[in-house]
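Student: After the structure tokens below, expect a handful of questions from me.
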Amino acid sequence: MAVDRGSSKHGPWRDDAMAHEVSGFVRSGRDTRAEEWRSVEPTDELPGDAQFPDPAQSRAGASAGMTLADVEDRSELARWLGRAVFPAEREEIIDHLRYQHAPDRVVEEVAAAASGVQFTSVGELWRELRAGA
């Protein structure tokens, strides 16, 4: 009894090697090679930059009324904070950002949040920061 692998073009080791070659692209949605000559050759099917779509153009997870710049800014804030810091007040969040060596503009933006309020998530903090805008 033979097991159907769905493709007999390559063996399992070659399939694993090929999957490893493109794993960075699959995860990030863009080319992850530092040297251009190491990048995979583009196919003839996709024109120019369509092969590597810009993740900033994706509005996945964006609330209604958010611009692409808002999505990027919220994403950067979340990148520096993570989930481990919450629930926390403004001062604790600022301390965490400084510990993580976040850019000054991110720290200054969080410093504009209300003092004495406990935030339970990045989304809650983001809404507070954008409430006056």
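Student: Estimate the FRET efficiency between Arg130 and Tyr99 by the formula 1/(1 + (r/R0)^6), using the beta-carbon distance for r and 35 Å for R0, to the nearest 0.05.
Tutor: With a Förster radius of 35 Å, E is 0.90.
Student: How far apart, in nm, are the 7 Å Cα→Cβ label points at Leu68 and Ala17?
Tutor: 3.9 nm
Student: Provide the per-residue ³J(HN,Hα) series for the stretch 78-90, in order, calculated from phi with Karplus coefficients 6.51, -1.76, 1.60 and θ = phi - 60°, each as a whole number of Hz, with x at glycine and proline positions.
Tutor: The phi angles translate into 5, 4, 7, 8, x, 9, 5, 6, 8, x, 7, 8, 3 Hz.
Student: Now for a different question. In nm, to one decimal, how far is the modelled label at Glu91 from the one at Glu35, with both set 7 Å along Cα→Cβ?
Tutor: 5.2 nm
Taken together, the values in this text are just the output of simple stated rules run on the coordinates, not laboratory data. Since the structure is predicted, the reported quantities are computational estimates derived from the model, not experimental observations. Heads up, the Cβs are rebuilt from the backbone with ideal geometry, glycines too, and the neighbour counts pull from every protein chain shown.
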